[in-house]
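Beneath this line is the structure, given in structure tokens, with notes to follow.
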Amino acid sequence: MAKTIGSRQRRMNPRKSIFCFFFFSFVLLANFDEGYAQTIAKIGQLKCEYLRNPIGIDVKRPRLSWQIQSDERGLTQVAYQIRVARSEAALSGKEVPVSDTGKVSSSDSIQIGYSGPDLRSGQRVYWQVKVWLSDGEVISSKDPAYWEMGFLQPSDWQANWIEPDQIPDPSKPSPLPMLRRAFNVRGDVLRARAYVTSRGLYDLQLNGKPASDRLFTPGWTSYNKRLQYQVYDVTDLLKTGENAVGVTLGDGWYRGIGFNNYRYGDRLALIMQITITYRDGKEETIVTDKNWRSSTGPIIMSKIYDGETYDARLEKEGWTLSGFDDRQWAGVRLADYPKDDLVATMGSPVRRIQEIRPVKIFKTPAGDTVADMGQNMVGWVRFKVKGQAGTTLLLRHAEVLDKEGNIYTANLRAAKETVRYTLKGGDEETFEPHFTFQGFRYVAISGYPGDLSQDALTGVVIHSDMSPASEFETSDPLINQLQHNIIWGQKGNFLDIPTDCPQRDERMGWTGDAQAFSATAEFNMDVSAFYTKWLKDMAVDQLESGSIPHVIPDILSRPGRPAGGSAAWADAAVIIPWSMYLSYGDKRILEDQYGTMKKWVEYERKRAGDDYIWDGDPHFGDWLAFATNRSDYPGATTSKDLIATAFYAHSTDLLRRTAQILGKREDEKFYGELFEKIKSAFCREFVTQTGRVGESTQTAYTLALNFDLLPNDLRPIAAERLARDVRQFKHITTGFVGTPYICHVLSRYGYWDEAFMLLNNQNYPSWLYPVKQGATTIWERWDGQKPDGTFQDPGMNSFNHYAYGAVGDWMYRNMAGIKLDESVPGYKHILIEPHPGGGFAHVRASHETMYGKVASAWELNGNRFALTVEIPVNTSATLSLPKAKLSEISESGQIVSKRNGILNIRQDGDSAVVEIGSGQYRFTYDLNK
Ligand code: BGC
């Protein structure tokens, strides 16, 4: 095998090269020196548990995935071989590998479980993959990838938990503790790792440098049950001789979170272990113990909601460097917090993702100097300032301006979002806060010495570092702005957990919001690791009854007073694993979450009882649905019993499908039968023989149709009733529950005009109304700010709430037409079903799947329709070309036929159906009238 690594074994045949010349002239140019055009496949994106070269994982059988990149049409993988070795050199050398699968005849290239012997704590292994392709090429990955195990048993922790000597008064904010220790490194270090976590947040520095660019570590999990530790490669941060490590601790999510000010504990604590391996093979371990010193410094207060107070005069210069005199510092105490709940980190680290500059600085009528960042963003302002020691700057953050043009902060409720900085004086000072983040577009700055210029301020945007996975662009700038707002809603609310909003005293993992947005989120960004982590917290926080808490991590339940079990919120327990399975072909998430899913459905079954109608329980209902002050029509209220029964049915159906995939025959049968019973009960209770559903609201029809609860003959009738309602109102009336599905249902039953009417509506209530009002994110309410500039109820009025952004899923799947084939998940087989309409001249979308990029872009010129599609190697697609006659379609300049990647063609009513393999294709034809 070693000989073939990296080598090309085959040249492309000349006929294919002529074809490529036609379409991919850039490829030709790039390969000109080769004599003639050819495509050479490459292997890239080697991932282990969704991550590139992770260190510190505790999944014993991690799953490996790769992508094959090539422009060649119809290319698939026919076999693979994975080699795992102790070192990079050993991969290609003669040394026996840790594991070698041999040649496996399979087209699987994602989610392949490591099958070698168990690995030790801290062990790093390198891996490489070789693949055999359908065109005869045999290629291998070039750069060896690796993964490294974390601690696999609690006894790996030799360190102790420590906390500062001074015990803070929990009723008062206290300056944040700093802990330090000097240690000696005797010489040539081969490698060094820091294993670290805290109760509270930590910021770790080694010899004056940050150990990593991760923020808000150790992340937010259900701290009482599982606490993540991080592993850093600190080899390059160490030096021979005296070294120093310094850690600042912050309250974060640990001490005072949620509108109920929940505290996991009163004291912040740290556990850390640095393992140094010298070149001579000896090991040394530096641990948190009694030898550490503690003090406080410039951070007087730093809280998630409230902001930060920082006095630069109190900085202790050089405290994370060696040679610092800490004799005046206090000591630390050992604390006996558990170590068996420490888990490796899964998920995407929070980082500084991008920086933006204010678009203007202006004075408000109230006299505030305000910088407008031009974008409702989440993170903070970094500023530069020069002035006298003791001068204090005050930064107050707000999402919107009121109708007078003053900053509006009433919607922040108890969150203060205020940064206070006191200068130390002298040279220019640069500051950014530490353990807090703000949701804002405007920042009012007072106390700034001298003139405030735009380049003194930088908006630092932070969120979980998920790779962007989508492009979506149309001929309508308003819809493009809507997509922009959806993306920024995701950026603002995917901060270690999926939050409802990032500004007021909430920022919690509301399950309903998360499930409503999950399909859109999965299209837009790689959220695989992010949700995997959050679902683990859902599993451990599931209440004994099987109920699922309203927020995960659960900080609202109290002993004897569970806060959970709301239909459409708690159903996230089933809906999100299922959509993860579809998006990422992730069967293991179904295995891991199966117990939680089933327990939740069993809870619903118990609550519903023998008549299968889940009635009488409190729920959030169709949250924030259209309401009016009219005496004869209070609004589009859908009964909670109907919603609860519909979701009970839907979760049962998804559980049945899950059981089928996992080969759990009995469960499949049981939940299949249960689904039928709930459906009958639903129809008996809520559906008339003439197809009226419940209160005849848009949400009632949408749920009944989307979850397939109606008998076949009533479906078109109910769909027509829904369409009629839309035409009558000329706008959407759904809340959080109906919104994600309504356009899907309308288009599925042929009511495209009505779906486009909802999408293109610019008046309240609609998606474009906030866009017309200048929104740069998705609002919580359809009318957060009214046309006259006044605001909705300040108690519930976030301007950065992603839930209504769930329409994105419809835009990508239906306008651009990139659809999942549920029977072949993970986009191994793709459905491309574009739909020209809605007045759009073009729609272009792409999505980065586990296999590579899928793209669908169409344009309409008069009656001339053109569609360009791109399908990744090792996948195939079924295209449905609307209003098309097979004999009139040309593909890349020739009448479409079965050749060069086109596997099959057929006419299906008004549409032409074309089966294709990988590659790029361009279809053009005149739409049939
Ligand atoms: C949140 C919502 C959430 C809801 C529960 C609110 O305070 O912001 O988005 O789903 O409570 O109904």
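Residues in the range 465-475: is at least one open to solvent by 20 Å² or more (accessible area, probe 1.4 Å), within 16 Å of the ligand (Cβ to nearest atom), touching a residue at least 40 places away in the same chain (Cβ under 8 Å) and more than 12 Å from the chain's Cα centre (by Cα)?
no
State yes or no: is residue 187 open to solvent by less than 50 Å² (accessible area, probe 1.4 Å) and in contact with a strand residue (DSSP E or B) (Cβ under 6 Å, 6 or more places away or on another chain)? Give the derivation first.
On the way: open to solvent by less than 50 Å² (accessible area, probe 1.4 Å): yes; in contact with a strand residue (DSSP E or B) (Cβ under 6 Å, 6 or more places away or on another chain): no.
So residue 187 fails the test.
Being surrounded by 24 or more Cβ atoms within 10 Å (Cβ to Cβ), on the phi < 0 side of the Ramachandran plot and modelled with pLDDT of 95 or more narrows it down to one of 222, 198, so name that one.
Going through 222, 198 in turn, just one is surrounded by 24 or more Cβ atoms within 10 Å (Cβ to Cβ), on the phi < 0 side of the Ramachandran plot and modelled with pLDDT of 95 or more: 198.
Before we move on, is residue 783 surrounded by fewer than 24 Cβ atoms within 10 Å (Cβ to Cβ), under 21 Å from residue 512 (Cα atoms) and modelled with pLDDT under 95?
yes
Tell me whether the range 530-544 contains one or more residues that are small (Gly, Ala, Ser) and either buried (at least 23 other Cβ atoms within 10 Å of the Cβ) or within 24 Å of residue 262 (Cβ to Cβ) (or both). It would help to see each step written out before you state the result.
In the first step, residues of the range 530-544 are kept if they are small (Gly, Ala, Ser); the result is 539.
Right, trim to either buried (at least 23 other Cβ atoms within 10 Å of the Cβ) or within 24 Å of residue 262 (Cβ to Cβ) (or both) and you get 539.
Among the residues of the range 530-544, at least one is small (Gly, Ala, Ser) and either buried (at least 23 other Cβ atoms within 10 Å of the Cβ) or within 24 Å of residue 262 (Cβ to Cβ) (or both), which makes the answer yes.
Suppose the filter is under 30 Å from residue 812 (Cα atoms), outside any helix (DSSP H, G or I) and touching a Leu at 6+ places or on another chain (Cβ under 9 Å); does residue 577 pass it?
Values: under 30 Å from residue 812 (Cα atoms): yes; outside any helix (DSSP H, G or I): no; touching a Leu at 6+ places or on another chain (Cβ under 9 Å): yes.
No; evaluated as a whole, the condition is false for this residue.
Return yes when residue 625 is part of a loop (DSSP other than H, G, I, E, B), closer than 24 Å to residue 495 by Cβ, within 15 Å of the ligand (Cβ to nearest atom) and small (Gly, Ala, Ser) and no when it is not.
no
Mind checking whether some residue in the range 121-138 is of a type in the set (Ser, Thr, Tyr) and over 30 Å from the mean Cα position of the chain (by Cα)? Walk me through how you get there before you give the answer.
If we filter the range 121-138 for residues that are of a type in the set (Ser, Thr, Tyr), which is where we start, we get 121, 126, 134.
Filter again for over 30 Å from the mean Cα position of the chain (by Cα), leaving 134.
There is at least one residue in the range 121-138 that is of a type in the set (Ser, Thr, Tyr) and over 30 Å from the mean Cα position of the chain (by Cα).
Within the range 754-780, can you find the residues that are acidic (Asp, Glu) and either open to solvent by 10 Å² or more (accessible area, probe 1.4 Å) or not in a loop (DSSP other than H, G, I, E, B) (or both)?
754
Limited to the range 555-597, what total is found for residues that are open to solvent by less than 30 Å² (accessible area, probe 1.4 Å) and away from the ligand (no atom under 14 Å from the Cβ)? Steps first, answer last, please.
So in the range 555-597, the residues open to solvent by less than 30 Å² (accessible area, probe 1.4 Å) come out as 555-557, 563-586, 589-590, 593-594, 596-597.
Keeping just the survivors that are away from the ligand (no atom under 14 Å from the Cβ) gives 557, 573-586, 589-590, 593-594, 596-597.
Total satisfying the criteria: 21.
Give, as residue ranges, the strands (runs of 3 or more DSSP E) completely inside the range 332-379 that count at least 3 residues that are surrounded by 15 or more Cβ atoms within 10 Å (Cβ to Cβ) and within 28 Å of the chain's Cα centre (by Cα).
Ranges flagged: 342-344, 350-356.
Residues are listed down the side, and each one gets a yes or a no for (1) out of contact with any strand residue (DSSP E or B) (no Cβ under 7 Å at 6 or more places or on another chain); (2) under 22 Å from residue 779 (Cα atoms):
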site: 505; (1), (2): yes, yes
site: 510; (1), (2): no, yes
site: 515; (1), (2): yes, yes
site: 519; (1), (2): yes, yes
site: 524; (1), (2): no, yes
site: 548; (1), (2): no, no
site: 554; (1), (2): yes, no
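Scan the range 237-288 residue by residue and report those that are small (Gly, Ala, Ser), over 18 Å from residue 161 (Cβ atoms) and in a strand (DSSP E or B).
241, 244, 256
Can you tell me which residues in the range 487-506 are part of a helix (DSSP H, G or I) and either among the polar types (S, T, N, Q) or within 16 Å of the ligand (Cβ to nearest atom) (or both)?
Selection gives 489, 490, 492, 493.
Checking residue 461 against (1) surrounded by fewer than 22 Cβ atoms within 10 Å (Cβ to Cβ); (2) of a type in the set (Val, Ile, Thr); (3) farther than 18 Å from residue 372 by Cβ: exactly one of these is not met. Which one?
The single condition residue 461 does not satisfy is (3).
Any chance you could count how many residues in the range 678-706 are surrounded by 17 or more Cβ atoms within 10 Å (Cβ to Cβ), in contact (Cβ under 8 Å) with a residue 60 or more places away in the chain and over 24 Å from residue 729 (Cα atoms)?
3
Give the residues of the range 479-498 that are in contact (Cβ under 8 Å) with a residue 12 or more places away in the chain and open to solvent by 40 Å² or more (accessible area, probe 1.4 Å), sorted by residue number.
Answer for the range 479-498, where residues must be in contact (Cβ under 8 Å) with a residue 12 or more places away in the chain and open to solvent by 40 Å² or more (accessible area, probe 1.4 Å): 481, 484.
From the list 113, 56, 74, exactly one residue is open to solvent by 20 Å² or more (accessible area, probe 1.4 Å) and under 31 Å from the mean Cα position of the chain (by Cα). Which is it?
Matching residue, one of 113, 56, 74: 113.
Considering only residues that are open to solvent by 10 Å² or more (accessible area, probe 1.4 Å) and either assigned to a helix (DSSP H, G or I) or basic (Lys, Arg) (or both), look in the range 815-836 and name the one that is farthest from the ligand (Cβ to nearest atom).
By that ranking, first place goes to 828.
Which ones in the range 507-531 are assigned to a loop (DSSP other than H, G, I, E, B), charged (D, E, K, R) and either within 14 Å of the ligand (Cβ to nearest atom) or within 14 Å of residue 574 (Cα to Cα) (or both)?
507
Among the residues of the range 790-804, count how many are surrounded by 13 or more Cβ atoms within 10 Å (Cβ to Cβ), in a helix (DSSP H, G or I) and within 10 Å of the ligand (Cβ to nearest atom).
Residues flagged as surrounded by 13 or more Cβ atoms within 10 Å (Cβ to Cβ), in a helix (DSSP H, G or I) and within 10 Å of the ligand (Cβ to nearest atom) within the range 790-804 amount to 2.
Please verify whether the range 643-660 includes one or more residues that are more than 16 Å from the ligand (Cβ to nearest atom), over 30 Å from residue 784 (Cα atoms) and open to solvent by 70 Å² or more (accessible area, probe 1.4 Å).
yes
The values are calculated or read from the model by the stated rules, or taken from the named source; none is laboratory data. A quick note: this is a predicted structure, and the numbers were derived from the prediction, not measured. Methodologically, a virtual Cβ is constructed for each residue, glycine included, from the backbone with ideal geometry; neighbour enumeration extends over all protein chains shown. Accessible surface areas use protein heavy atoms only, side chains included; no ligands, DNA or RNA. Shrake-Rupley method; radii C 1.70, N 1.55, O 1.52, S 1.80 Å.
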